[in-house]
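J.: Okay, here's the structure, questions in a sec.
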Amino acid sequence: MELLKVLTGSLFWATTVSIALFVAGSIATNYLAKKSTLLKPIASGLKLVLLFVVIQVFLHLGAAEAYPRISRQLSFLSWIVAVFSLLRLVLYMYGDLFVVRWKKGSFPAAFKNIITAVVTVVAILILLKEIMDINVTSLIATTTVLTATIGLAFQSTLANMLAGLTIHLEKPLKQGDWIAAGGYEGHVLDITLRATRIITLENNEVFIPNSKVLSESVVNYSLPDPISIQKLSVGVGYDIPPNTVRKAVLDVLATVPGVDMSSHPAVRLTGYGDFAVNYEVRYAIHEYHRHADIAAEIMNLLWYRFKRDGIEIPYPVRTVHLREVTAESLRAEREREVAEVLALMEKVDILAPLSVPERRRLVEAVGVKTYAAGECPVRQGEAGDSFYIIKKGSVDVIVEKAGGEGVVVATLATGNLFGEMSLLTGAARTATIRVKEDAEFVVIDRESFRDTLVHNPSIAESLSRILAERQAELAAQREKLDAITLERRKRDESGKLLHNIREFFGLHN
């Protein structure tokens, strides 16, 4: 026992144990830091905690009794190291792990440094009084005066710093959000100690002081979730029923990428203006940074949809039209349009059996519809009962393969046609037609063509024969049919098509 007391009180023993403990702890810390990516950034902090433990062990093993004055100084320094290292560990777990990694936010290093500095200074003052037995009253008074002087000199900077700290704690906005603040709208790139940095839609970086962000109204388009409700105003003529307008707008919204149809877009009549009935269109989007592009696409497609549906977008009543419109000028304009359509029909083989008067009656019943590039008037697999002649522009013919991939198999231009089988037999569309450049179509639907067939049922036989010949010729190229087989194929196809045409239009044999 006497030997153990001697060894315990020995400065050599205290030093040996302390060094051994520090070496063993350092090796263990380095090993764990290499094995874990989470521990690697705090390896130095763990070593500082280890240093505090080693110094306390050294003091308790006899150094405090042997050298009381030096021991007090070592204890003072070790506690400063302990406060500093433990504080950095807490800030790492809260800032880097909780805020940055888990919450996907940001926690600037400047905030860590400020918090560390303030807490460390307070700890030093307490330790000076408790361990070193130093009266810190005068020191605190001097520090207070110095702090007040610095605060007055850097009033705006401190205001921004405190505002930045408040933003990080309360989280009214974070990195990655879309906001409107200080008269600017943009994407939050970073929240620094002094300012919030955003990039606008015009690709300009704007630095907004944190104090201004906190003191003024801020609109955060990313909260409470990324879905943002957008509004558009549209005015149409008084003679268009509201339900017609509502259907046209909703149909357009369903075709625009980026519009969330599951949020149930709304079309509301908001008032009766001097020259138009005004509607408000409300729709949801997930990508706020695309709101201007999505709105432009909606307005673009609405123009085309209104154009082909005959929905007028009226001019203001103050607009003065100097063009004289008379019944005679309107007839002349109509005759010109009819002549253009008749010229197109003369080149269409399946309309060859029609006489000139029959074609003219058909022209009076059909319409010309305008489509924008990218729109699809026909989709593969849909039921159809209309036939299109391209009056202007061009389209791509797209066939979907088994995997759902669309392949462009042909491009059609002015004078070409598509949809004849759907018009005559009601067959489902065999391909998708996508407008390549703005196009106008002469659209012949079932009801318009039925009147022609009712007046002259024999036309059905001519139509079935023309279609059968076309299909048989294509089959002959694919299957390399001889002349006899080809003729038999034509007769069989003609009979089937004639039956389908009569059944579809309700004609009697």
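The values are calculated or read from the model by the stated rules, or taken from the named source; none is laboratory data. Fair warning: this is a prediction, and the values are worked out from it, not measured in the lab. Note that each Cβ is placed from the backbone with ideal geometry, even for glycine, and that neighbours are counted across all protein chains shown. These area figures cover heavy atoms from the full protein model, side chains too; ligands, DNA and RNA do not enter into them. Shrake-Rupley method; radii C 1.70, N 1.55, O 1.52, S 1.80 Å.
J.: Search segment 211-226 for residues being farther than 11 Å from residue 181 by Cβ and free of Cβ contacts under 8 Å to residues at least 40 places away in the same chain, and hand back the single one that is least open to solvent (accessible area, probe 1.4 Å).
T.: Top of the filtered list is 225.
J.: Quick check on my filter: what residues within segment 286-317 are under 27 Å from residue 227 (Cβ atoms) and aliphatic (A, V, I, L, M)?
T.: 292, 294, 295, 296, 298, 299, 301, 302
Rundown of residues vs (1) within 29 Å of residue 200 (Cβ to Cβ); (2) among the aliphatic types (A, V, I, L, M), yes/no style:
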{"position": "234", "(1), (2)": "yes, yes"}
{"position": "237", "(1), (2)": "no, no"}
{"position": "241", "(1), (2)": "no, no"}
{"position": "246", "(1), (2)": "no, no"}
{"position": "251", "(1), (2)": "no, no"}
{"position": "254", "(1), (2)": "no, yes"}
{"position": "263", "(1), (2)": "yes, no"}
{"position": "269", "(1), (2)": "no, yes"}
{"position": "284", "(1), (2)": "yes, yes"}
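J.: How many residues, within segment 245-283, are of a type outside the set (S, T, N, Q), touching a residue at least 40 places away in the same chain (Cβ under 8 Å) and either surrounded by 19 or more Cβ atoms within 10 Å (Cβ to Cβ) or over 21 Å from residue 222 (Cα atoms) (or both)?
T.: Of the residues in that region, 15 qualify.
J.: Taking segment 372-418 only, how many residues are under 22 Å from residue 498 (Cα atoms) and open to solvent by less than 20 Å² (accessible area, probe 1.4 Å)?
T.: 5
J.: Still on this model: Within segment 419-452, can you find the residues that are of a type in the set (A, V, I, L, M, F, W, C), buried (at least 21 other Cβ atoms within 10 Å of the Cβ) and within 18 Å of residue 501 (Cβ to Cβ)?
T.: 423, 424, 444, 449
J.: Pick out the one residue from 217, 228, 222, 233 that is of a type in the set (Gly, Ala, Ser), within 27 Å of the chain's Cα centre (by Cα) and under 28 Å from residue 377 (Cβ atoms).
T.: Only one candidate passes the filter, namely 233.
J.: Okay, next question. Looking at segment 417-509, what helices (runs of 4 or more DSSP H) fall wholly within it and have at least 3 residues that are at pLDDT below 80?
T.: Helices (runs of 4 or more DSSP H) meeting the threshold: 459-479, 483-505.
J.: Which of the residues spanning segment 16-27 are of a type outside the set (Ser, Thr, Tyr) and open to solvent by less than 50 Å² (accessible area, probe 1.4 Å)?
T.: 17, 25
J.: Of 147, 116, 120, which residue is among the hydroxyl-bearing types (Ser, Thr, Tyr), in a helix (DSSP H, G or I) and modelled with pLDDT under 70?
T.: Result of the check over 147, 116, 120: 147.
J.: Separate question: Taking helices (runs of 4 or more DSSP H) that fall entirely within segment 2-86, which contain at least 1 residues that are among the β-branched types (Val, Ile, Thr) and at pLDDT 75 or above?
T.: Per the criteria, 11-35, 43-58.
J.: Given the options 229, 208, name the one that is exposed (fewer than 15 other Cβ atoms within 10 Å of the Cβ) and assigned to a strand (DSSP E or B).
T.: 229
J.: To continue, here is another question. How many of the residues making up segment 185-198 are open to solvent by less than 40 Å² (accessible area, probe 1.4 Å) and free of Cβ contacts under 8 Å to residues at least 60 places away in the same chain?
T.: 5
J.: So, in segment 348-371, of the ones that are under 29 Å from residue 257 (Cβ atoms) and not charged (D, E, K, R), which residue ends up most open to solvent (accessible area, probe 1.4 Å)?
T.: For segment 348-371, the residue satisfying everything is 368.
J.: When you scan segment 247-274, how many residues do you find that are under 17 Å from residue 295 (Cα atoms) and not in a strand (DSSP E or B)?
T.: 15
J.: Go through (1) part of a helix (DSSP H, G or I); (2) over 30 Å from residue 198 (Cα atoms); (3) in contact with a helix residue (DSSP H, G or I) (Cβ under 9 Å, 6 or more places away or on another chain); (4) modelled with pLDDT of 85 or more one by one and return the number of the condition residue 298 breaks.
T.: Here residue 298 meets the rest and fails (2).
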